[in-house]
Structures are given as structure tokens and as C-alpha cells.
Amino acid sequence: MFNKLIAALLPYFPKKFVWLFSKPYIAGETVEDAIKASKDLNTKGCMVTIDILGEFIKTLDEAEANKKEYVELIDRVEKEDIDGNYSVKPTMFGLLIDKEVCYQHIRDIVAKAAEYNNFIRVDMEDSPCTDMTIEIYRKLKAEFPKNVGLVLQAYLKRTLKDLENLMDIHTEEVPLNYRLCKGIYVEPKEIAYKKYEEINEHFIEDIDFCLKNGVYPGIATHDKPIVEGSYELIEKYNVPKEKYEFQMLYGVTPKLRQSIIDKGHRMRVYVPYGKQWFGYSTRRLKENPKMASHIMKALFFKG
């Protein structure tokens, strides 16, 4: 109860205090920070996916500026020989303002990545965005079959059906590529599973569907039972290591991350950076209120 209360209040604290929590989980504010963090992770056996923080914009001018920033990011990072790709959030490009403008911006970003034979992951946001995001993904996949993937959230009751419905654009030569995660947005019980065990059960069900059908999953979890369940499915279907990967957030569960790498599995770390770190941080607090205790300890320690 205490942690939940603190998590609810911390978004109203001065940013410099919230930064005490945020800095272990964010690469920094600049592209140079992201490159430095990515190179360090590469030396530890991790691939990366780089994300510029920011979402739910208010104007299309912001969308244009965000597109330009991503295009510049890709040109900059590709010169650094980093083993990684990129993640984008549709609301950062105006999804809830003008869907077509959003699509064109993301298309330009995917086209830029494709120039380098690289890859863009289209993130999934809250439920009002789901159908529109899938629609955008379908259009991008048709034009750039090797250069775009999607995120799907296991706690949504619709997800297995979405996996099944998208199989019409799956081929053995260019398989569908998903990041599968639990989901972090607060959704009504009518559309989302709420219990830990129930969410895990459906997460494993989604992973099973992908591995069984030749879909490439990025298994995005810090939950050991999901990791162990994935190991069992990988062995069950005798899946080659190049046909899947595990994914984790920057700064989270490094020991579990290393144990996965030590077993010979591919690992990709989500590297967020940018000036809009405050919204990302407070959202993570809502996802995991236990982190609030670490902030309070940091504040106390700092005096």
C-alpha cells in the first residue's frame, strides 16, 4: 500500500528527485548517451533497440520534429557499428491526432532504416491505439517486409486472436516478428487479464503460438517463470537460436539477463533516452510500485 501511494505521488515531485530513480533505467538525454550505453551493452553480449522517449503529443508540429529526430538518430547510430535496431511509439507521431500523418512519418523512419538494412519496432500503446497500430503495421509490412516488427501485449484478452489473424501476412521466408510483453497500461478488466498467474499463462500461450508457427518472438520479460517456460517451449519445438530472442529493459534484472546470455540465447536490451524521460519514468512507477521504495531510500540517502 505504501509503495502504491508513493508511486501515485511521485509524478508530482520535482523532476530532480524523480531522476534519482530514473537514471539507472535511462541511457541519458542525448544520442551520445544512447550510443555509449549501446556500445557498452554490445560488449556484454547484448543487442539493443534504441528508443527516443516521448508519446501522446499534442500537435502535428511535434510529430514532424520527432520524425526528423529519428531520421537523424538512425544516420548517426549507423556510423557507429552498433548491433541494434530502433523502436517507435505511434502516438509520438500523432496517431491520435491524424492517423495518416502518423503512418507517413513512421513510414519515412522505416524507409530510412531500410536504407541500412535495419529494422524498426512499432511499439504498442494503450487499447485505444491497438487497432490503428495493427493497421499501420500491416501497411508497413507489405512495403518493407524485412524491416518492421510489432509489439503485442499478453495481458490483453484479444492478443492470441490478433496473432492468429495476422498469420495471413506471415511467410516462411520473411516471418512475422513480434515483441511479446505483458503490457504496462492500466486497462479495464473487460479487456485485460489482471491476475499475475493469469497473465503469465496467456503470455506463455502467445509464446507457444509463435514458436510453433515459425513466428519470430522477442520474448520481453524480467519474470523468471516466463523465462523458464520459454526455455521449455524452445526445447519442445527444437527452435534454432536465430529464430527468437529475449528482450529486457535497460538497467533491469541484469543478473537474470546475464544468465540468459550465458545459456547461449540472444538478448536485446531496450535503450531509452531523451529529454522526455519524466513521463517514461512515472509510467514505470505505475507498472512497478515497488520501485518507489528505491526512490525514497535514494532521497533519504542524499539527505
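Rule-based calculations on the coordinates, nothing more; no lab input. Treat the numbers as computed from the prediction; the structure is a model and nothing was measured. Note that each Cβ is placed from the backbone with ideal geometry, even for glycine, and that neighbours are counted across all protein chains shown.
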*Taking 7 Å along the Cα-to-C-beta vector as the label spot, tell me the Thr59-Ala142 distance in nanometres, rounded to one decimal.*
3.4
_Antiparallel versus total DSSP beta bridges in the stretch 109-213: what percent is that, nearest 5?_
10
*Percentage of interatomic Cα-Cα distances in the stretch 27-273 larger than 25 Å*: 41
*Going by how many other beta carbons lie within 10 Å of each one, how would you line up Glu201, Glu100, fewest first?*
Glu100, Glu201
*Scan the stretch 167-222 for trypsin sites (Lys or Arg not before Pro) in coil per DSSP, keeping those whose Cβ has at most 13 other Cβ atoms within 10 Å, and list them by number.*
Lys189, Lys194, Lys195
*Solvent-free Debye scattering, log10 I(q)/I(0), computed from the Cα coordinates of the stretch 53-143 at q = 0.14, 0.22 Å⁻¹*: -0.45, -1.08
*Is it possible to state the helix-based mean residue ellipticity at 222 nm for the chain, with each DSSP H run of 4+ residues giving -39500 (n - 2.57), the sum divided by total residues, to the nearest 500 deg cm²/dmol? What is it?*
-15500 deg cm²/dmol
*Considering only DSSP beta bridges with both partners in the stretch 27-273, what is the antiparallel share in %, to the nearest 5?*
5
*Among Lys15/Lys89; Lys161/Lys195; Lys16/Lys146; Lys39/Lys195; Lys36/Lys212; Lys194/Lys236, which pairs are too far apart, with a Cα-Cα distance over 30 Å?*
Lys16/Lys146; Lys39/Lys195; Lys36/Lys212
